[in-house]
1. Condition test on A598, is it crowded, with 22+ Cβ neighbours inside 10 Å and at pLDDT 90 or above?
2. If you scan segment 380-407, which residues turn out to be modelled with pLDDT of 95 or more and assigned to a helix (DSSP H, G or I)?
3. Looking only at segment 120-144, how many residues end up being under 18 Å from L226 (Cβ atoms) and not aromatic (F, W, Y)?
4. What residue, of Q445, Q465, Q483, is polar (S, T, N, Q) and under 30 Å from S554 (Cβ atoms)?
5. For segment 486-507, give me each residue that is at pLDDT 90 or above and not aliphatic (A, V, I, L, M).
6. What's the number of the condition G137 fails, among (1) modelled with pLDDT under 90; (2) more than 30 Å from E454 (Cβ to Cβ); (3) surrounded by 13 or more Cβ atoms within 10 Å (Cβ to Cβ)?
7. Would you mind finding the one in Y571, Y589 that is within 30 Å of E409 (Cα to Cα), among the hydroxyl-bearing types (S, T, Y) and either touching a Gly at 6+ places or on another chain (Cβ under 9 Å) or surrounded by fewer than 22 Cβ atoms within 10 Å (Cβ to Cβ) (or both)?
Amino acid sequence: MKRFIIYFVSFIMLLNLAYTQESKKDIPLSLGFYGGLNFNFHTPNFTYGVYDLQDPLSPMFVGNMRHISNNTGLGGNFGLIANIPLDNMFVLSGRFGYNTMGGDLKDSVGTNTTSTNLNYLEVTPALQIHNLLEGQGLYLLAGLEIGIPLTKTYQFDYFSTLNNVPYSGAQADIPDVSTRFALAIGAGWVFELSDDIFLSPEISYRLPFGKVSKSEFFDTWEIPQLRASVSLTFGIRSDDTEDVITANKPEINVGMKDVTGLNMEGARISSEKIVVEETQYTELFPVIPYVFFDENSDSPNKNTQELAATRQSGSFNVESIEPDAIKINSYTLDIIGTRMQGDKNSAIKIIGTVDAKSENPKSDLAKKRAEFAKNYLVVNYGIEPNRINTESTGLPSKPSSIRDPEGIEENRRVEIVPINANSSLLKPIIIESDKQRLATPPIIQFTPNVTTNEEIDSWELELQQSGNTIKRYSGYGSPDKIQWTISPNELASNEIPADYNLTVWTKSGNKGNYSSSIPIEFLSISKKKSQESPDKSISKYSLVLFDFNSPEISEMDKKILFDNVIPSIKYNSTVQIYGYTDRIGSEDYNKKLASQRANSVKDLLMTRAKDAKYEVFGVGEGVQIFDNNLTSGRQLSRTVQVYVITPKK
């Protein structure tokens, strides 16, 4: 029996490999035939007297026959089947046919047999559940088997141990045979031989609700049943059915449920327009001392690390990098190489690590990663090899989460550690300008609305102004909320609207689009003066070297606070401190962690600048100020951003 089930399931899986389809299956009204084998599990527990009926006038009692052993009989089933779809998931299935359930019952001695002949006219209403696996033919079945007995006879063969004579009783009717009611549960697979012809192997188990007979001699006799059958059905498509098919053709509608502005705390503010304001602005961009690598590779991840020395002509210039934190930190090795050229006394240690999950800590992969970074600096920037020490280990000394896939990804890296205590190799990059363009609201959140009868494959949101691409976001699956954090100078100094276009693709290649725009209002410094609007200077500082899951301020960040932030705070300044986290972990926990980070910075600033007004916000992951799909973006998100806003006299 077990072997048969294994063969049957294997047969279905092999057929599936041959007939696998990608789209959701359409289920038409269909009629056809079915047939198969029954395994009838007889469970008797009764005893009755056996008589020699050769002399009907004076039958001779020859002994008692007791049946207590379970016996399996092989039978068959065949008939008509109709499948009526309620939708593309639920189908009413009706079967009308013939079901044989007889078998030979051995007695407790094992030498005597009662041969039974039980055949039923069967009616089985059932419910099939389809499309449980997208685009696959699997379905589940549950229903009620109703069997009306047609043939119900038995005959015994008895061997007398008294006179060593075999006896064969006459065939007789099983008395008081009941109508059969049984629960039918099972599973099957639909294979489309053509658009309207379907072959469906099925296996089911029938659990009876009652006994075979109401007779006192047979009332303990039950017959559970295992069936293996195949149906061949033919689809019937009416004009109405054709309309349904037309309605189920691939369709995708793309819209935008909501476009709203967020402040840096993540609270909703008006987004009827974006106000671009010219002001004096200083921003500090941190340098992350990590270079991330692809899984099981000793080459840096191309999404997070550019190798300018091998791809660009001329010397690398830090000041020429686009003023964007992620862009700046995609040139980590080139920034280190340039600064080591300028500081001949500087030296570093490069530590290679692995994720200790898919990557073996005992392999030489971590060593190769460290050697790659060293060779890049030596070959492309002429750094003396003795100024660079390399080490290798398993996990980093302060790893990211080892249970989350994104945390595991971050542990595939090299770490750059300055050897000199007063080294400036990892000092932040500061951009200061009298005319920086800042946007209000600083964040625009898009909430897409996509309806389709297909599975969504991917999406892309493109932002443009004057035909030039500002930002491009993309992902797989259904798009959720998308946050556009508007960088300084990202929008032009004019009032041309910001256009956005959302494109969504399905698995079958269908595409849907939605386009609109957001008005822009531009306030130049000269315009603000003519309107007597208050002007101000804004300094922004980011502290990103918070370790994973930690609110402790690093020594490097303390130096940034003392050297850069505190000197910019005046008695009339407003200091806004925003704490953020990456998206790893629960939202509530991250909000608490973000508050702890922000308050740690506030407490340190107030030791030197007590007179300013402080505002603290624990935002957490509610606002993703950097792209968390990138390892560097998640590192940058473990930050506290400090805004020092000082009115101009």
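1. So A598 fits the description; yes.
2. Matches in segment 380-407: P385, N386, R387.
3. Here the count works out to 8.
4. Q483
5. If the condition is that a residue be at pLDDT 90 or above and not aliphatic (A, V, I, L, M), then P497, D499, Y500, N501, T503, W505, T506, K507 are the ones that fit.
6. That leaves (2) as the condition not met.
7. Y589
Table: residues versus (1) at pLDDT below 90; (2) farther than 19 Å from A325 by Cβ; (3) surrounded by fewer than 22 Cβ atoms within 10 Å (Cβ to Cβ).
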residue	(1), (2), (3)
Q576	no, no, yes
G585	yes, yes, yes
Y614	no, yes, yes
Q624	yes, no, no
D627	yes, no, yes
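The values are calculated or read from the model by the stated rules, or taken from the named source; none is laboratory data. Everything quoted here is computed from the prediction, not taken from an experiment. All Cβ positions, glycine included, derive from the backbone under ideal geometry; neighbour counts span all protein chains shown.
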